[in-house]
Amino acid sequence: MTNLAFPPQQSCPDEDEMLGQQITLLAGQINAANHRLLKLIARFDERKAWSGGGTVRSCAHWLNWKCGIALGAAREKVRVAQCLETLPLIDASFAAGEISYSKVRAMTRVATPGNEDFLLRIAQHGTASHVEKAVGKYKRVQAADDDTVEREQDNARKLVYYQNDDGMWVIHAMLPPETGALVVKAIEAITAPLQAQQQEELQQDVSAETFSDAVEQEEPPRYQALLEHSRADALAMMAEHFLASGESNGGLQGLKGSERCQVMLHVDITHEHCHMDDRHWLSPQTARRLSCDASLVTVLEDGQGRVLNIGRRTRTVPANISRALAIRDKTCRFPGCCESRYVDAHHIKHWADGGETSLHNLVTLCRYHHRQLHKGSFSIRVDNTSGAPQLLFATPSGRTIETSVSPQFPDVSAETWVDELRHAAPKVDAGTCVTQWRGEDCDYGMVVEGLLRRDEGKGSSLSSAASPRT
């Protein structure tokens with residue numbers, strides 16, 4: 001493969017053009033390769049070849065396990081793959097490398113055999129952003145009655161939260177209008193006095209005139225950060241208020257006193273450092289502050305992070321073992337499964353057969369795989385031959401279900417991959433995937449009108465609406 005890495009000071013128009021053509025050529029080849037991938041997924045899903053005798057939940061879970069695709073993205077790929085089976089025009093353009101997966105994914109949310117030609121012209125003459133906006137506006141207009149809208153909004157509600165690499169919590173929520181308005185109203189009610197207090201502190205550093213001008217112009221970013229910080233504080237205050245008064249909230253059980261916050265503090269056996277859950281190391285000062293008004297569960301671990309012992313609180317033994325099991329396993333242990341919330345503790349040697357309720361005889365399984373295990377879809381046993389105990393999963397026929405798929409793609413070099421793409425999409429060139437958009441504004445009103453007319457079966461010629469225009 002030609003080395004195209006030029007120092008910035010040696011850049012020249014010919015080399016820049018060559019780089020651009022290399023990028024658009026590869027993008028077109030990737031489009032064609034993505035089409036081939038989705039067609040294979042469609043066949044794979046239709047044959048239910050992913051099921052593994054009932055041990056794998058869905059084709060998306062198989063893609064998550066075997067191909068390293070995030071579960072949400074895997075579900076979208078399966079959905080798009082199924083939609084392409086009924087959209088021959090979009091399918092052909094995708095196969096030719098002319099349109100990207102991003103455009104296809106957006107179009108398949110509303111595409112039908114009757115309007116796919118119209119949507120395809122939008123995709124060919126516009127960007128992925130144009131297609132996303134056109135589809136979004138069309139879906140809003142397409143909802144015929146309030147009942148349909150309310151049902152869709154109710155089904156679309158969700159709240160997702162996770163910790164990033166720095167330990168900060170990231171929270172995303174999508175709420176129906178009335179629920180969202182209620183949450184926003186509560187946050188704003190708490191935010192108002194917080195903002196007033198923080199603004200007073202800021203005004204001590206700048207003159208009143210400078211402060212007023214900065215707020216009106218929404219600059220510098222310091223004043224925008226003021227509002228964002230206040231909202232974050234308000235959300236934390238709402239949560240703490242509920243936990244402190246939960247018993248009076250319509251039967252919802254709150255937490256009392258020191259139970260309002262339980263800190264799981266992991267202490268290394270050398271006593272040199274500690275951390276919360278499976279996250280970042282904490283200083284002794286931070287650990288003391290967090291556990292000041294909290295119930296504390298101390299977990300003793302060795303240098304490899306293995307649980308040696310877990311301190312008891314005023315609970316029964318299974319509760320402590322359950323916490324130790326969650327620390328050790330973290331997710332369902334079935335190969336490829338990442339479920340961590342809806343899980344059960346399973347006795348490897350059944351309790352009725354003399355199995356102990358101890359950490360070495362327990363394994364975490366999600367509800368789905370727990371049911372499949374008791375149905376006989378697979379078995380679990382502990383292998384001690386290598387010294388350290390290892391869990392072995394096997395099918396009813398005795399075939400071992402592999403617990404690792406790394407490396408996922410062995411013996412594939414970058415050069416081999418490029419050659420494969422050229423072979424798979426020989427007609428793709430540097431201009432195949434380049435959009436025909438030249439910077440015009442998109443008339444979304446005309447686009448939506450055109451799609452609605454297609455739905456009505458009028459079939460009038462609306463090619464002018466399919467391309468962005470001024």
Counting only residues in region 139-173 that are at pLDDT 85 or above and surrounded by 12 or more Cβ atoms within 10 Å (Cβ to Cβ), the one farthest from Leu235 (Cα to Cα) is identified as Arg157
Just one listed residue, out of Ala430, Ala394, is surrounded by 10 or more Cβ atoms within 10 Å (Cβ to Cβ), under 23 Å from Cys338 (Cα atoms) and either out of contact with any Lys or Arg (no Cβ under 6 Å at 6 or more places or on another chain) or modelled with pLDDT of 65 or more (or both), and it is Ala394
- Task: Output yes when any residue across region 156-169 is outside any helix (DSSP H, G or I), in contact (Cβ under 8 Å) with a residue 40 or more places away in the chain and either closer than 24 Å to Lys427 by Cβ or more than 24 Å from the chain's Cα centre (by Cα) (or both), and no when none is.
- Result: no
Going through region 368-389 in order, the residues found to be among the basic types (Lys, Arg) and in contact (Cβ under 8 Å) with a residue 60 or more places away in the chain are Lys375
Counting only residues in region 331-381 that are of a type in the set (Lys, Arg), farther than 19 Å from Ser397 by Cα and modelled with pLDDT of 85 or more, the one surrounded by the fewest Cβ atoms within 10 Å (Cβ to Cβ) is identified as Arg367
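The values are calculated or read from the model by the stated rules, or taken from the named source; none is laboratory data. All of these numbers come straight from a predicted model, not from anything done at the bench. Note: ideal-geometry Cβ built from the backbone for every residue, glycine included; neighbour counts use all protein chains shown.
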